[in-house]
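What follows is a structure written as structure tokens; I'll ask about it next.
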Amino acid sequence: MLSVCHLYPDLLNLYGDRGNVIAFLQRCRWRDIPVQLIELNAGESIDFNRVDFLFLGGGSDREQNLMAADLEKHKESLREAIEDGLVVLSICGGYQLLGQYYRTPRGEEIPGLGILDHYTVAGEKRLIGNVAIEMNLDGQSIKATGFENHGGQTYLGSVEPLGKVLAGYGNNGKDGTEGARYKNVFCSYLHGPLLPKNHQFTDYLIKLALQRRGIDKQLTPLDDSFEKSANNTMLNRLLK
Ligand code: GLN
């Protein structure tokens, strides 16, 4: 049984980021892979070593402020699980808070967990629009598409980018990077939500979660025609 944890589903759910959890769960269920969902709200606790896939979505500066203190309580358990290979997908506001800090347009510094080596500072303008990136997932090149809307500009330290920007802004609109990857933690600014129309990425995350539990299985192929069509439509629009 794979355990999926959605952290702060009520606070960090901008642009329907919950769709990433739905896509992960459904692509497991279509393959008869037993999976359960745990929604963890502020004030609740969990041992992240019991979790196989953790999702953190996006949120406005206000929501990020509201949950930063609660997130801090999970720091050591989360750090330990991440170092042990916990698979994490974190989008935008959630991404920012896994790093050192997010400095808002008002100059207030929202502390992050400091588990990933990056920091975020609000820029002059919001980075908004459709975005296409190229990821290399253990030799598999995947072009992903999504939508970004963030004031924060993220700068990477010793972590790798998730991908390179093909169209749009990405981490900061300057260095051509998008997102971050550290061990099995994948961070991105791509809302959309990201996973439903980037099915190869979803399957990659499912395989990583299974492998961490010692299950090395080929995933049953699915009819991905709808997902491919959605992804190609955006790639053709953005890269023509
Ligand atoms: N509030 C953060 C920013 O504006 C994150 C926004 C988001 O999650 N879309 O950069």
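The values are calculated or read from the model by the stated rules, or taken from the named source; none is laboratory data. Nothing here was measured: the structure is a model prediction, and the numbers come from that model. Note: ideal-geometry Cβ built from the backbone for every residue, glycine included; neighbour counts use all protein chains shown. Quick note on the areas: whole protein, heavy atoms, side chains included, nothing else; ligands and nucleic acids left out. Shrake-Rupley method; radii C 1.70, N 1.55, O 1.52, S 1.80 Å.
If r is the Cβ-Cβ distance from Glu76 to Lys240 and R0 is 41 Å, what FRET efficiency results, to the nearest 0.05?
Efficiency at R0 = 41 Å is approximately 0.30.
Hey, can you rank 7-16, 99-108 by average C-beta count inside 10 Å, highest first?
My ranking of the peptides, most packed first, is 7-16, 99-108.
To continue, here is another question. Ignoring ligands, DNA and RNA, what percent of the 1.4 Å accessible area of the chain is carbon and sulfur?
The C+S portion of the solvent-accessible surface of the chain is 48 percent.
Also, quick follow-up: Can you give me the long-range amide H partners of Gly179? Hydrogens built in the peptide plane at 1.01 Å from N, cutoff under 5 Å, separation of 5 or more residues or another chain.
Leu162, Asn171, Tyr189
Still on this model: At 222 nm, what helix-only mean residue ellipticity would the chain give, in deg cm²/dmol to the nearest 500, using -39500 (n - 2.57) for each DSSP H run of four or more?
After summing the helix terms and dividing by residue count, I get -8500 deg cm²/dmol.
Check Glu39: other-chain or 5+ apart residues with amide H under 5 Å from its amide H, H built from backbone geometry?
Amide H neighbours of Glu39: His6.
Another one. Can you compute 3J(HN,Hα) from phi for each residue in region 123-132, using the Karplus curve 6.51 cos²θ - 1.76 cosθ + 1.60 with θ = phi - 60°, rounded to whole Hz and x for Gly and Pro?
Along region 123-132, the couplings run x, 5, 10, 7, 9, 10, x, 6, 9, 10 Hz.
Next up: With the contact rule set at Cα under 8 Å and sequence spacing of 6 or more, what percent relative contact order holds for the chain?
19
Taking only C-alpha pairs under 8 Å that are 6+ residues apart, what is the relative contact order of region 1-108 in percent?
34
Would you list, by chain and number, the lysines whose Cα falls below 18 Å from the Cα of Lys240, excluding same-chain residues fewer than 8 positions away?
In chain and number order, the partners are Lys143, Lys164, Lys228.
I want to make sure I understand the PRE zone here: with the label point 7 angstrom from the Cα of Ile215 toward its beta carbon, which residues in region 26-50 have backbone N atoms less than 19 Å away?
Label zone hits: 26-39, 48-50.
Please calculate how many Å² of accessible area region 43-157 carries per residue, with a 1.4 Å probe and no DNA, RNA or ligand atoms counted. Working shown, then result.
Details: 4510 Å² over 115 residues.
With all protein chains present, region 43-157 gives 39 Å² per residue.
Which of rounded, prolate or oblate describes region 1-155 when judged by the alpha-carbon gyration tensor and an a/c cut-off of 1.5?
Judged from the Cα gyration tensor, region 1-155 comes out oblate (a/c at least 1.5, b/c at or above a/b).
At what distance in nm do the modelled label points of Ser225 and Trp30 sit from each other, each positioned 7 Å from its Cα along Cα→Cβ?
So the two model labels end up 1.3 nm from each other.
How much of Cys92 can a 1.4 Å solvent probe reach, expressed as accessible area in Å² and rounded to 10?
Counting only protein heavy atoms, the figure is 10 Å².
Where does each of 24-32, 223-231 land if you order them by average Cβ count within 10 Å, highest first? Provide the component values of the computation, followed by the final result.
Details: 24-32: 17.1, 223-231: 13.7.
Highest mean packing first, the order is 24-32, 223-231.
Take the alpha carbon atoms of region 1-54, find their center, do the same for region 193-229, and report the distance between the two centers in whole angstrom.
15
Next question, about the same structure. Using a Förster radius of 35 Å, what is the FRET efficiency between Asn232 and Glu124 based on their Cβ-Cβ separation? Nearest 0.05, please.
Efficiency, from the Cβ-Cβ distance: 0.55.
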